[in-house]
Amino acid sequence: MTDEKQLFQLVADKDFLLLDSHLTKFTPFDVLKLKNHEIRHSNMLAWLLNPEESHGLGFSFLEQFVLALAESQDSVTSFLTKLHSSTAKPYVTVRREAESKEKRRVDLLVKCTWAAENNMNKDNSFVILIENKIYSRQRKDQLKDYLEHAKKQNPNSTIIPVYLTLDEEDEPSEPDYCHLTHKQILEIVRKLVKKERSCKAERAALSFLEYYLAALEELTGMDTENQELARGIYRKYKKVIEYINQNAESDIAIAGRLFIENYNKGKGHEQLIELKHSRSKFFPFTDGELRQTEGGLSDDWREGNICGYFFEWKNSDSDSYEGNISLKVEIGPFENETQRNEFLDLLKSKGFKTRTRKTNTYTRLSYEKQPQRAKNIEDASDEEELLKAMTSLFDGTKEMRKALHKSLDSYKNKKEHKDEK
């Protein structure tokens, strides 16, 4: 079958047409351009966190929200104990955009007070402070300023500060903050929508929640139904899809190749190598040290090695060239799971933080001595802007890469010593 015939079959395929209809279906969040705006998401959270609002969920969302923080702080445990042990529910107020002493605006302040106890002591009033980030990043002392403001304004309350992000690796700069991700919000909303559906609720609020759920799924890349459709289409039309990908290079791929070409000039001791599996928002590469590792799976994008780098692009919405680019370091799947765990333990002892997905297959690395921040991009079609950001990100990992290479040497030596025995 020629590529042309397969292309015609692809565009007429019922699953392809179904996927297209899903991706272009109406939602109010698309029409109002709300999907990726932090302020609008904060408004949704304010609505859901207030038990008296029209969603009809009562305290369910507030309770599930705090439960998602349960392992973070003692204050969270105290709040949940109070919520479950008290005969009366707290009086809840939600404030949006409260101004701090530095003229910054706190996204959300949720105050919960047990009105039956009129002494207003510290045990009966809790304030949940929420700073919500989607594509923007925390600024210097921002979280510290917000926490100080909340404590000053609520001296008799227990403060529960929350840093809510899209990027799970964007850890809060202040240790008192609980870290929550939009994927966790997605799971909470999904659970509540499922429960409401089972009760055969027919409220307009439920339809609105379903639209919000769809927006969260798209935002977090967790739209499993569409992903399964896409995988099936790819399996059927792999040849023509790969041809399109190879001949319609993304801006990030072009900038990535320029980055490698520029970096390798005069860097004979550390040549970078592009890997084969680049996509529109994903550009993978490796270096000579990482290229020599063995024990990974051959069908993984690291091509049999155990570790690799990639640039990841996230745009502010599907029609925008504005967003951010980040550099990730990821440990892939091993043929031997025990050896993988040993390597991760070694990395932790060398100053690395690890974040493993639920599948226990992929682990992101960050280096305590050299934390990384994404770079904001105004125009992703500008190869020079992308190239400048990529170069800056990679130059900023010099100490991390040095520590990673030393850890790889230690791991290989230890492994060789075991093999000799």
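The values are calculated or read from the model by the stated rules, or taken from the named source; none is laboratory data. Quantities reported herein were computed from a predicted structural model and do not represent experimental measurements. Virtual Cβ from ideal backbone geometry, glycine too; neighbours counted across all protein chains shown. In case anyone asks, the SASA skips ligands and DNA or RNA and just uses the protein heavy atoms, side chains included. Shrake-Rupley method; radii C 1.70, N 1.55, O 1.52, S 1.80 Å.
Computed from backbone phi, the HN-Hα couplings of region 142-157 come to 4, 5, 4, 4, 4, 5, 4, 4, 5, 5, 5, 6, 9, x, 9, 10 Hz, rounded to whole numbers (Karplus: 6.51 cos²θ - 1.76 cosθ + 1.60, θ = phi - 60°; Gly and Pro given as x). Assign one of three labels to region 306-412, namely rounded, prolate or oblate, based on the Cα gyration tensor with a ≥ b ≥ c the square roots of its eigenvalues; rounded applies when a/c is under 1.5, prolate when it is not and a/b is larger than b/c, and oblate otherwise. Prolate, because a/c is 1.5 or more and a/b exceeds b/c.
The accessible area of V162, taken with all protein chains in place and a 1.4 Å probe, comes to roughly 0 Å². Checking the table K348/K414; K140/K183; K281/K328; K133/K281; K89/K151; K14/K238 against a 18 Å threshold on Cα-Cα, which pairs fail? Exceeds cut-off: K140/K183; K133/K281; K89/K151.
Among 167-178, 209-220, what's the highest-first ranking by average C-beta atoms within 10 angstrom per residue?
Values: 167-178: 17.6, 209-220: 19.7.
For the peptides 167-178, 209-220, the packing ranking is 209-220, 167-178.
How fast does region 124-212 diffuse by Stokes-Einstein, in µm²/s, taking the Kirkwood radius from C-alpha pairs at 10 °C and 1.306 mPa s?
D = 105 µm²/s.
Solvent exposure of region 277-392, expressed per residue, is 50 Å² of accessible area, with all protein chains present and a 1.4 angstrom probe.
Please find the FRET efficiency linking D345 to N43, where r is the Cβ-Cβ separation and R0 is fixed at 45 Å, and quote it to the nearest 0.05. Walk me through the numbers on the way to the answer.
Working: r = 44 Å, r/R0 = 0.97.
My answer for the efficiency is 0.55.
Accessible surface of region 266-411, 1.4 Å probe: 43 percent of it comes from carbon and sulfur atoms. Taken along the Cα-to-beta-carbon direction at a fixed 7 Å, the label points for R231 and K144 span 4.5 nm. FRET efficiency for the pair E337 and K194, taken as 1/(1 + (r/R0)^6) with r the Cβ-Cβ distance and R0 = 51 Å, rounds to 0.95. In this structure the amide hydrogen of V162, modeled in the peptide plane, comes within under 5 Å of the amide hydrogens of L129, I130, E131, C178, none closer than 5 places in sequence on its chain.
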